[in-house]
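In what follows, a structure is listed as structure tokens, so that the remarks can point back to it.
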Amino acid sequence: MSAQDLQQGLRIVVADDMEEMCVCLQALLQHQGHQAFTVANGQQLVEACRALEPDLVITDVKMPGLDGIAAAEAVNWHRPTPIILVSGYDDEETLARVQTSYVMAYLVKPVLAASIKTAIAVALARFRESQQVEQQIVQLRQTLEERKVIERAKGAVMKRLGLSEEAAFSRIRKMANDANLRMIAVAGQVLQAEECFRALERPDFDPSSGTDGGKRRMENRLRCNG
């Protein structure tokens with residue numbers, strides 16, 4: 001969320017088993033320009049988040065049934081959402097449980113207007129950073145996987161055409177440029193073609209034999225060309 005989002009207001013779900021706390025937080029948030037929806041326990045929090053898909057969750061830790069930390073985890077399984085935990089406790093056990101990627105801020109009761117405003121800004125900034133890092137990790141993994149495929153295709157071209165590593169890579173890249181495709185797409189085509197050639201080159205492949213088993217094997221292998 002950007003500073004502009006903060007000015008325009010957020011959709012926030014508040015969970016606390018104490019009604020007066022829900023009323024207090026709702027009033028503070030509405031005064032700051034946000035939409036606040038209140039629930040009384042962790043299960044209702046999970047259900048409300050699935051229905052409303054809020055920008056932020058503010059939840060008490062100790063609630064009957066599903067507590068705030070467990071509920072926050074369930075919410076984030078459904079959809080990544082920044083979480084602010086509010087509690088009257090700051091013991092080591094509670095603090096150890098909140099060291100998770102989805103908890104972005106922690107407030108100890110009583111909650112003041114200034115502290116909750118700051119906590120929201122911090123939570124949104126941390127959440128944005130964590131999402132960017134996660135996206136970078138996903139992109140890095142995808143890049144590494146694509147490089148593996150391209151390396152395999154390059155090896156196939158080197159062997160098939162008797163080319164050097166540099167020449168094989170250049171041919172794949174030129175083919176991708178000429179066809180306006182990504183190199184990973186061309187590499188996939190090369191590997192599919194290589195599978196077909198391997199099938200044709202098998203010593204047990206005899207197109208004149210007409211055996212049903214041989215035909216079925218060949219049909220399965222040639223499906224690589226659609």
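Values in this text are rule-based calculations from the coordinates and carry no lab data. These figures come from a predicted structure and were not determined experimentally. A quick note on method: Cβ atoms are made from the backbone with ideal geometry, for glycine too, and the neighbour counts reach across all protein chains shown.
For the reader, a short list of remarks on this structure follows.
- Set of lysines with alpha-carbon distance to LYS174 below 26 Å, sequence-local pairs under 8 removed: LYS148, LYS154, LYS159
- Efficiency of FRET from Cβ geometry, ARG79 and ARG173, R₀ 41 Å, rounded to 0.05: 0.55
- The GLN35 and ARG141 beta-carbon pair, evaluated with R₀ = 41 Å, returns a calculated FRET efficiency of approximately 0.65.
- Ranked by how many other beta carbons lie within 10 Å on average, peptides 129-141, 47-59, 190-202 from highest: 47-59, 190-202, 129-141
- Inter-site label distance for GLU19 and GLU134 at 7 Å from Cα along Cβ, in nm: 3.6
- Note, ³J(HN,Hα) from phi for the stretch 159-166, Karplus 6.51, -1.76, 1.60, rounded to Hz, x at Gly and Pro: 6, 5, 9, x, 9, 6, 4, 5
- Candidate lysines for bridging to LYS117, where Cα separation is under 22 Å - those fewer than 8 sequence places away on the same chain excluded: LYS109
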